[in-house]
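One structure below.
Just so you know, all these numbers are worked out from the coordinates, no wet-lab data involved. Keep in mind it's a predicted model, so treat the numbers as computed, not measured. Here Cβ is always computed from backbone atoms with ideal geometry, including for glycine, and neighbour counts include all displayed protein chains.
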Amino acid sequence: MEAGSCTTEGNEKQWLRADTGMRKYKFGEILLVKWRDSTHLDGWQSSEAAKNMGMITCNTVGMFHSQDDISIEICSTVADNEQVLNPLAIPQGCIINIIRLRGK
């Protein structure tokens, strides 16, 4: 099964992660995060349309801010005083892979 996809084991859903160990990134390091996001349809839809809508795959480039077991946070800009602009938290279970583009 592909990393980042969901499987059911018993009654619990579990996500297979591309990154099984917690990697260490430096504050401000530039990353490319490939991840899956939810989608939705507006208004009334046929059951068939709802079954086939799937998820979308996103490629997000940003500067590393922080991470824990639940999410990784990246942002578009890091100021010299370490303030950040447009932080984004991406759930770890949605991440397909992370590529370092350049160190700080």
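Observations on the structure shown:
- Pairs, first acidic (Asp, Glu) in segment 50-76, second part of a loop (DSSP other than H, G, I, E, B), C-beta under 9 Å, six or more apart: ASP68/MET22; ASP69/MET22; GLU73/PRO87
- Strands (runs of 3 or more DSSP E) contained in segment 48-104 and holding at least 3 residues surrounded by fewer than 17 Cβ atoms within 10 Å (Cβ to Cβ): 56-67, 88-91, 95-102
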